[in-house]
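Novice: Pasting a structure here, questions to come.
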Amino acid sequence: MAPDERYLLDNRQTEAGARFDALSELFDPSTFRHFDVLGVAPGWRVWEVGAGGPSVPRWLADRVGPTGRVLATDLDTSWLSGDTALEVRRHDIGADPLPVPAGSFDLVHARLVLVHVADREQALRTMIHALRPGGVLLLEDADPALQPLLCPEESGPEQELANRLRRGFRELLASRGADLSYGRKLPRLLREAGLTDVTADAYFPITSPACAVLEAATVRQVSASLLANGLATEEELARHLDAVEAGRLDLATSPMISCWGRRPAE
Ligand SMILES: C[S@@+](CC[C@H](N)C(=O)[O-])C[C@H]1O[C@@H](n2cnc3c(N)ncnc32)[C@H](O)[C@@H]1O
């Protein structure tokens with residue numbers, strides 16, 4: 001497969017909205033629990049990196065209130081709209097300079113972003129520079145290699161096909177530079193970057209209606225690439241989508257590893 005570092009799941013495709021809604025349903029409760037543990041409160045200044053859809057930056061804007069500040073950035077901001085409580089800007093975390101003065105934020109958060117960024121080291125440096133001394137970085141990233149199965153119980157041909165198509169999808173992600181075992185590296189990377197109090201945990205649903213919504217939208221979004229690379233046939237994709245949409249499969253996601261650490265106070 002020819003190397004191609006563009007983001008595979010382009011936000012301009014219509015399925016992106018369904019994917020963001022499903023990600024929100026699956027992972028927002030866990031993300032918001034982490035924000036609570038970290039003490040996000042009125043007046044905090046927060047940078048939401050690679051925001052995608054509106055649910056996380058909106059929750060943050062409500063929590064920090066009028067005395068706080070939320071900046072939401074993404075390569076493609078078409079699913080975000082700004083207002084007085086929420087500033088939206090286009091920004092490439094792997095390539096662009098810091099969009100604010102260094103040391104501006106109490107919290108920087110990115111979920112399911114770094115795994116897709118070609119220059120992850122640069123992205124991590126940029127996010128850490130954005131933190132004030134004592135500020136917190138919360139990174140949440142998938143680790144598909146830790147739990148690679150779409151159907152953890154491979155109980156029949158439909159589950160076997162689902163897991164085979166998932167392997168094809170991961171090949172596409174890897175060919176775009178995604179690191180499929182990135183989540184597990186976060187604690188070491190944050191410690192090596194000089195953050196303190198580094199802590200991590202993991203979460204993933206074993207089955208949920210939102211997993212089926214996410215899978216159907218993802219397969220539709222990458223079907224042309226799966227076909228072009230010989231990773232699926234039209235008939236297999238149709239059969240898989242039928243099983244997913246009929247609710248015949250118990251679909252899981254990759255583990256989401258949440259890791260946080262604090263920039264040392266000066
Ligand atoms: C899988 S989506 C996750 C969206 C959202 N953070 C969530 O968890 O629901 C990945 C998002 O990262 C954005 N993204 C990918 N590469 C990026 C980059 N280099 N800089 C900024 N955003 C990027 C994509 O445009 C997309 O909105």
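Novice: How many of the residues in the stretch 117-136 are in contact with a helix residue (DSSP H, G or I) (Cβ under 8 Å, 6 or more places away or on another chain) and not small (Gly, Ala, Ser)?
Specialist: Looking only at the stretch 117-136, we keep the residues that are in contact with a helix residue (DSSP H, G or I) (Cβ under 8 Å, 6 or more places away or on another chain), and these are 117, 120, 123-124.
Within this subset, residues satisfying the condition of being not small (Gly, Ala, Ser) are 117, 120, 124.
Looking only at that region, the number is 3.
Yes or no, residue by residue, for (1) at pLDDT 95 or above; (2) touching a Ser or Thr at 6+ places or on another chain (Cβ under 8 Å); (3) β-branched (Val, Ile, Thr):
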| residue | (1), (2), (3) |
| --- | --- |
| VAL115 | no, no, yes |
| ALA123 | yes, no, no |
| LEU138 | yes, yes, no |
| ALA145 | no, yes, no |
| PRO152 | yes, no, no |
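Novice: Oh, and also: What are the residue pairs meeting all of these: first residue in the stretch 108-134, first residue among the small types (Gly, Ala, Ser), second residue in a strand (DSSP E or B), Cβ atoms under 7 Å, and 6 or more apart or on different chains?
Specialist: The qualifying pairs are ALA110/VAL49; ALA110/LEU139; ALA130/TRP47; ALA130/PHE105; ALA130/VAL108; GLY134/ARG262.
Novice: Every residue in the stretch 14-66 that is crowded, with 21+ Cβ neighbours inside 10 Å, in a loop (DSSP other than H, G, I, E, B) and more than 12 Å from the ligand (Cβ to nearest atom), please.
Specialist: Within the stretch 14-66, VAL40, TRP44 qualify.
Novice: Which residues, counting only those in the stretch 114-134, are within 14 Å of the ligand (Cβ to nearest atom) and open to solvent by 60 Å² or more (accessible area, probe 1.4 Å)? Don't jump to the end; show me each part of the working.
Specialist: Just the residues of the stretch 114-134 that are within 14 Å of the ligand (Cβ to nearest atom), to begin with: 114-127, 130.
Within the stretch 114-134, ASP119, GLU121, ARG125 meet the criteria.
Novice: Counting only residues that are assigned to a loop (DSSP other than H, G, I, E, B) and among the β-branched types (Val, Ile, Thr), which one in the stretch 67-82 is nearest to VAL40 (Cα to Cα)?
Specialist: Within the stretch 67-82, the subset assigned to a loop (DSSP other than H, G, I, E, B) is 67-68, 75-82.
Checking the rest, the ones that are also among the β-branched types (Val, Ile, Thr) come to 67, 77.
Working: THR67: 13, THR77: 24 Å.
Going through the qualifying residues, I end up with THR67.
Novice: Within the stretch 83-97, can one find any residue that is surrounded by fewer than 16 Cβ atoms within 10 Å (Cβ to Cβ), part of a strand (DSSP E or B) and modelled with pLDDT under 95?
Specialist: yes
Novice: Continuing with this model, one more query. Select the helices (runs of 4 or more DSSP H) contained entirely in the stretch 149-244, then report the ones holding at least 2 residues which are open to solvent by 70 Å² or more (accessible area, probe 1.4 Å), under 30 Å from LEU38 (Cα atoms) and out of contact with any His (no Cβ under 8 Å at 6 or more places or on another chain). Before the answer, list the steps.
Specialist: On the way: elements: 157-175, 186-192, 209-228.
The qualifying helices (runs of 4 or more DSSP H) are 186-192.
Novice: May I ask you to list the residues in the stretch 98-113 that are open to solvent by 20 Å² or more (accessible area, probe 1.4 Å) and part of a strand (DSSP E or B)?
Specialist: Hit for the stretch 98-113 is ARG111, nothing else.
Novice: State the number of residues belonging to the stretch 205-235 that are touching a helix residue (DSSP H, G or I) at 6+ places or on another chain (Cβ under 6 Å) and farther than 23 Å from GLY17 by Cβ.
Specialist: Residues in the stretch 205-235 being touching a helix residue (DSSP H, G or I) at 6+ places or on another chain (Cβ under 6 Å) and farther than 23 Å from GLY17 by Cβ: 2 in total.
Novice: I've got another one for you. Among the residues of the stretch 223-235, count how many are in contact (Cβ under 8 Å) with a residue 40 or more places away in the chain and out of contact with any Leu (no Cβ under 6 Å at 6 or more places or on another chain).
Specialist: So the count comes out to 3.
Novice: Moving on. Within the set of pairs 6+ apart or on separate chains, which have a first residue in the stretch 240-254 that is hydroxyl-bearing (Ser, Thr, Tyr), a second that is outside any helix (DSSP H, G or I) and crowded, with 22+ Cβ neighbours inside 10 Å, and C-beta atoms under 8 Å apart?
Specialist: Short answer, once both residue conditions are applied: THR253/ALA142; SER254/ALA142; SER254/ASP143; SER254/PRO144.
The values are calculated or read from the model by the stated rules, or taken from the named source; none is laboratory data. Note that the structure is predicted; figures quoted are calculated from it, not measured. A quick note on method: Cβ atoms are made from the backbone with ideal geometry, for glycine too, and the neighbour counts reach across all protein chains shown. Note: accessible area is taken over every heavy atom of the protein model, side chains too, but ligands, DNA and RNA are not part of it. Shrake-Rupley method; radii C 1.70, N 1.55, O 1.52, S 1.80 Å.
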